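What follows is one structure encoded as structure tokens, with my remarks underneath.
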Amino acid sequence: MQGTPPLIAIDGELVVEKTPALQLPLRYAEAVRRAGGFPLVLPPLASEAFLDQLLERVDGVLLSGGDDFETESLGLGSTHPAAKPVPGEKQAFDLRLAREVLERRIPVLGVCYGMQALALASGAALHQHLPDDLPGSRDHRGGIVHGVRLTPGSKLAELFGVAEVDVISRHHQALASGGDGWAITAVDDQGLIEGIERREHPFALGVQWHPELALDGDDEDRQLALFRGLVEAAREHHSERTQGTELEELTA
């Protein structure tokens with residue numbers, strides 16, 4: 001790695017008890033660090049000015065995993081009884097963040113809930129509870145390991161260098177459709193959406209599994225490829241952004 005590591009903002013989980021608190025499993029930050037990036041935990045603050053100023057400074061965004069979505073406000077029907085929705089202010093912030101990084105062409109990787117946020121921000125549909133909403137599908141909770149098929153020629157296939165990869169899943173909600181502008185580039189053997197990417201965007205990927213959980217296992221290097229892809233795209237974004245700023249200063 002050359003120069004300063006690109007700054008990667010990671011959205012944290014909002015814990016609402018007596019005093020609202022921010023938390024994030026360290027594996028996300030460690031994955032970004034191992035991939036050559038500089039991790040920064042991002043609080044879900046409601047101010048539009050805060051988000052605008054933040055996105056002018058960061059080089060990439062990692063939308064981390066979390067709990068579930070409250071679907072009524074999204075026009076997706078009543079929230080399933082088995083769902084554990086994130087706090088409303090976090091859900092609103094994450095969807096706004098997803099829309100902004102896509103519009104501004106900032107490199108972004110969404111993991112599990114984070115992938116769903118990217119797609120839902122673009123009008124996707126959601127399976128609220130597996131296997132109820134998709135009879136015959138496997139239970140994806142509890143860190144199960146299963147295979148995922150990658151679409152040939154996709155960014156995901158390019159990063160992994162294989163046609164199929166074993167992944168670790170911890171979810172019961174899942175995408176029922178990809179949403180506008182997203183290509184479905186990974187599925188499991190039952191056809192469940194496991195990966196999406198936006199091809200007209202420099203780097204916008206989402207995976208339903210948890211690549212950060214492989215950091216201490218035999219599959220560490222392969223799963224770390226996702227974070228390396230994000231960091232490399234963030235480095236290019238930083239270079240373009242700073243060159244543009246320098247040009248503006250010279251011509252001012």
Selection over the range 80-93 where residues are touching a strand residue (DSSP E or B) at 6+ places or on another chain (Cβ under 6 Å), part of a loop (DSSP other than H, G, I, E, B) and surrounded by 16 or more Cβ atoms within 10 Å (Cβ to Cβ) yields a count of 2
Going through the range 136-169 in order, the residues found to be modelled with pLDDT under 90 and either surrounded by 19 or more Cβ atoms within 10 Å (Cβ to Cβ) or of a type outside the set (V, I, T) (or both) are G136, S137, R138, D139, H140, R141, G142, G143
Scanning the range 1-24 for residues that are at pLDDT 90 or above and among the acidic types (D, E), the one nearest to the chain's Cα centre (by Cα) turns out to be D11
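Being modelled with pLDDT of 90 or more, among the β-branched types (V, I, T) and not in a strand (DSSP E or B) narrows it down to one of V41, V61, V32, so name that one. It would help to see each step written out before you state the result.
Details: V41 fails: not in a strand (DSSP E or B); V61 fails: not in a strand (DSSP E or B).
Unique residue meeting the criteria: V32.
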Result of the Cβ filter at 8 Å on the range 120-135, keeping first residues that are at positive phi and partners that are assigned to a loop (DSSP other than H, G, I, E, B), at least 6 apart or interchain, is G123/G179; G123/D180
The range 149-219: strands (runs of 3 or more DSSP E) wholly inside it with 1 or more residues that are in contact (Cβ under 8 Å) with a residue 24 or more places away in the chain and polar (S, T, N, Q) are 164-169, 183-187
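So which residues in the range 104-114 are under 27 Å from S239 (Cβ atoms) and out of contact with any Pro (no Cβ under 8 Å at 6 or more places or on another chain)?
R104, I106, V108, L109, G110, G114
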For the range 139-148 the number of residues that are touching a residue at least 60 places away in the same chain (Cβ under 8 Å) and part of a strand (DSSP E or B) is 1
Among the residues of the range 95-111, the number that are farther than 16 Å from I196 by Cβ and under 14 Å from the mean Cα position of the chain (by Cα) is 4
Exactly one of A174, A121 is more than 16 Å from P211 (Cβ to Cβ), of a type in the set (G, A, S) and modelled with pLDDT of 95 or more, and that residue is A121
G123 fails exactly one of (1) in a strand (DSSP E or B); (2) closer than 30 Å to L51 by Cα, namely (1)
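The values are calculated or read from the model by the stated rules, or taken from the named source; none is laboratory data. Note that the coordinates shown come from a computational prediction; the quantities given were computed from them, not determined experimentally. When we count neighbours, we look across all protein chains shown, and the Cβ atoms used for this are built from the backbone with ideal geometry, even at glycine.
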